Protein chains: 2
Amino acid sequence: MSTKLEIDLDRSSPVPLYFQVAEQIAEAIRRGDLTPGSRLDNEILLADRLGLSRPTIRQAIQYLVDKGLLVRKRGVGTQVVHGQVKRSVELTSLYDDLRRAGQEPATRVLTLEPAPAEEDVAQILGVAPGAEILRLERLRYASGEPLAIMHNWLPLALVPLTAEGLEERGLYEVLRAAGVRMRVANQRIGARAATVPEAKLLAERRGAPLLTMVRTTYDDQGRAVEHGSHVYRASHYSLEVTLIER
Amino acid sequence: MSTKLEIDLDRSSPVPLYFQVAEQIAEAIRRGDLTPGSRLDNEILLADRLGLSRPTIRQAIQYLVDKGLLVRKRGVGTQVVHGQVKRSVELTSLYDDLRRAGQEPATRVLTLEPAPAEEDVAQILGVAPGAEILRLERLRYASGEPLAIMHNWLPLALVPLTAEGLEERGLYEVLRAAGVRMRVANQRIGARAATVPEAKLLAERRGAPLLTMVRTTYDDQGRAVEHGSHVYRASHYSLEVTLIER
DNA sequence: GGTGCTTATTTGTCAGGACATTCTGATGTC
DNA sequence: GACATCAGAATGTCCTGACAAATAAGCACC
């Protein structure tokens with residue numbers, strides 16, 4: 001199976017060589033040039049052909065193995081995985097997900113104000129109880145229908161937020177644009193029946209099943225940057241997660 | 001912050017050196033010898049002190065960065081993350097989760113029989129429509145209370161399953177013990193109201209909110225090894241997921 | 001006193017080589 | 001014909017060495 005797999009390298013580019021290789025292999029898989037189950041040339045041959053060292057090739061392949069596109073087996077070789085692996089787990093927001101799905105999302109900001117931190121939220125965000133934090137409440141629509149009620153709490157000094165900005169872009173996008181580098185998120189996903197006010201906001205019956213998600217996001221340094229408690233209309237939304245075991 | 005951080009290496013052990021280093025650093029973090037925010041010695045110094053090369057040290061650190069325990073910054077150094085990062089995402093089953101939480105789980109096998117594959121399941125598992133596959137239906141209890149109804153479909157030739165085996169161990173444990181190496185899982189999580197038969201089995205009211213999960217698990221090669229459709233009592237269970245962005 | 005430049009430190013990337021381990025298939029033996 | 005043994009091939013681990021890029025701190029200059 002010696003698919004010749006053309007790879008162009010640009011040594012003057014600031015993009016690392018291993019990443020250039022990885023992207024072009026991934027692209028070949030997406031395009032179908034590399035079919036599931038087909039074997040890649042061995043690392044030494046690849047390195048030789050591209051004029052790179054074996055560690056660089058290994059780094060490229062390792063990157064794709066971590067993303068779940070390739071499988072390595074010692075003594076055998078490297079293969080493209082069978083089966084359609086969806087895109088890997090990412091730190092995305094509901095807004096991003098909806099946009100990717102082609103449904104133009106809309107947001108109504110219900111609350112955006114500083115407020116003293118309740119004890120539990122204060123502990124999660126790592127601030128003193130009673131300290132001022134930003135409280136944010138939004139209603140998210142997709143295709144004109146209400147979809148989710150979203151509560152968020154953020155450290156006050158983090159980033160300047162405006163209602164206008166939050167109605168045009170997702171919270172994550174705003175944070176990222178402001179230079180916040182989110183790295184770890186802890187999510188607890190559950191379900192419960194809608195209360196009367198929730199039902200009213202979401203155009204559901206009282207008692208309708210809601211999907212709930214409580215999430216805390218940490219940055220680079222492990223500092224909490226956002227804590228959110230959201231409810232989704234189960235009839236209109238579900239969450240997708242892909243797990244990859246290393 | 002020159003925490004001395006003793007690390008013993010056993011060069012005669014078959015355990016890779018980078019892994020020995022990684023485990024002992026992780027252990028030091030767990031023990032509290034390395035406090036959140038503290039900086040590790042730089043890679044070159046570490047390599048020197050342990051008599052290892054820098055790539056080996058880097059591999060050890062990279063392993064822990066991927067697990068979310070450490071953070072690297074160019075020009076700055078490597079730090080232990082602030083904040084309690086729960087254990088990383090893993091391919092675990094409900095059974096494993098319950099056992100870890102100290103609740104002795106119990107299982108009642110309702111159905112365990114070969115059956116012709118419906119079209120949708122056949123496509124997911126990659127077999128011909130109408131081919132024989134194994135259909136499995138279980139009721140899972142925790143602390144004596146019913147918790148979940150679990151439907152699974154598996155390729156017939158995969159592994160011999162017995163009702164006795166499945167009442168003593170989780171499905172994942174049985175599969176793993178039989179040499180199946182699961183690597184990727186795709187989960188869709190949602191919620192809906194309980195139907196009457198579901199409510200009866202789970203000791204809930206009709207219409208009670210249920211957490212639903214549809215999952216397909218793939219092995220090493222990307223072949224589907226299991227497809228499941230489960231419902232959980234939302235009042236008694238929630239899912240936890242940790243995302244790490246690389 | 002503040003601003004911009006320089007410099008030291010640290011991780012990121014890359015090269016090339018050596019040996020170990022594991023898996024597959026072929027070969028040989030009983 | 002079935003089983004054990006062996007050789008080849010591929011990835012896994014580990015080494016040494018070098019330069020690049022980003023960050024932070026100190027320093028000179030205005």
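The values are calculated or read from the model by the stated rules, or taken from the named source; none is laboratory data. The shown structure was predicted, so the numbers you read here are calculated from the model rather than taken from an experiment. Please note: Cβ atoms are built from the backbone with ideal geometry, for glycine as well, and neighbour counts cover all protein chains shown. All accessible areas refer to the heavy atoms of the entire protein, side chains included, with ligands and DNA or RNA removed. Shrake-Rupley method; radii C 1.70, N 1.55, O 1.52, S 1.80 Å.
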* Evaluate peptide B:25-37: per residue, the Cβ atoms of other protein chains within 10 Å of its Cβ; return the mean as an integer. => 0
* **Among B:11, B:135, B:108: highest mean-square fluctuation, GNM of chain B, C-alpha pairs under 10 Å** => B:11
* To do: Would you mind working out the accessible area per residue for chain A, using a 1.4 Å probe, and quoting it in Å²?
  => 50
* Nonlocal amide H pairs with residue B:69, under 5 Å, H built at 1.01 Å -> none
* To do: Just add up the charged neighbours of residue B:117: K/R +1, D/E -1, any other residue whose Cβ is under 10 Å from the Cβ of residue B:117.
  => -3
* **Descending principal axes extents, segment B:136-246, alpha-carbon based, whole Å** => 42, 41, 23
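About its Cα centre, what dipole magnitude does the protein assembly as shown give when the only charges are +1 on Lys and Arg Cβ and -1 on Asp and Glu Cβ, stated in debye to the nearest 20? Kindly include the intermediate steps, with their values, before the conclusion.
Working: 66 positive and 64 negative charges, 57 e Å.
Rounded to the nearest 20 debye, it is 280 debye.
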* Suppose every K and R has +1 on its Cβ and every D and E has -1 on its Cβ; what is the size of the dipole of chain A about the Cα centre, in Debye to the nearest 20? -> 860
* **Total accessible area lost when A and B pair, probe 1.4 Å, Å² to nearest 100** => 4300
* **Mean Kyte hydropathy of -1.0 or more with a Cα span along the axis of at least 18 Å, helices from DSSP in chain A** => A:17-31, A:54-67
* Within segment A:94-233: Cβ-based charge dipole about Cα centre, in debye rounded to nearest 20 (Lys, Arg +1; Asp, Glu -1) -> 460
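Hey, got a sec? Which GluC sites (Glu not before Pro) in segment B:116-177 land in a DSSP loop and have at most 16 other Cβ atoms within 10 Å? Show your work: numbers first, answer last.
Numbers: sites: B:118, B:119, B:132, B:137, B:164, B:167, B:168, B:173; in loops: B:118.
For GluC sites (Glu not before Pro) across segment B:116-177 that sit outside H, G, I, E and B with at most 16 neighbouring Cβ atoms in 10 Å, the list reads B:118.
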* For the protein assembly as shown, with the dipole built from +1 on Lys and Arg beta-carbon atoms and -1 on Asp and Glu ones, taken about the Cα centre, which of B:232, A:22, A:177 lies farthest toward the positive end? -> A:22
* Asked: Amide H to amide H, which residues 5 or more places from residue A:40 or on other chains are under 5 Å from it, using H placed in the peptide plane?
  -> A:78, A:79, A:80
* **Positive-end extreme of charge dipole, the protein assembly as shown - chosen from A:107, A:134, B:208 (charges on Cβ)** => A:134
* Asked: Once the other residues with Cβ under 11 Å from the Cβ of residue A:47 are scored (Lys, Arg +1; Asp, Glu -1), what is the net sum?
  -> 0
* Apply the Debye scattering formula to the protein assembly as shown, with a single equal point scatterer on each alpha-carbon and no solvent, then give log10 I(q)/I(0) at q = 0.13 Å⁻¹. => -1.51
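Please state the relative contact order of chain B as a whole percent: Cα pairs under 8 Å, 6+ residues apart?
On the way: 403 pairs, mean separation 36.1, N = 246.
15 percent.
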* Which of the trypsin sites (Lys or Arg not before Pro) found in segment A:152-189 are loop residues per DSSP with 15 or fewer other Cβ atoms within 10 Å of their Cβ? -> A:181
* Structure fact -> Surrounding charge for residue A:134, neighbours by C-beta under 12 angstrom, Lys/Arg +1, Asp/Glu -1, total -3
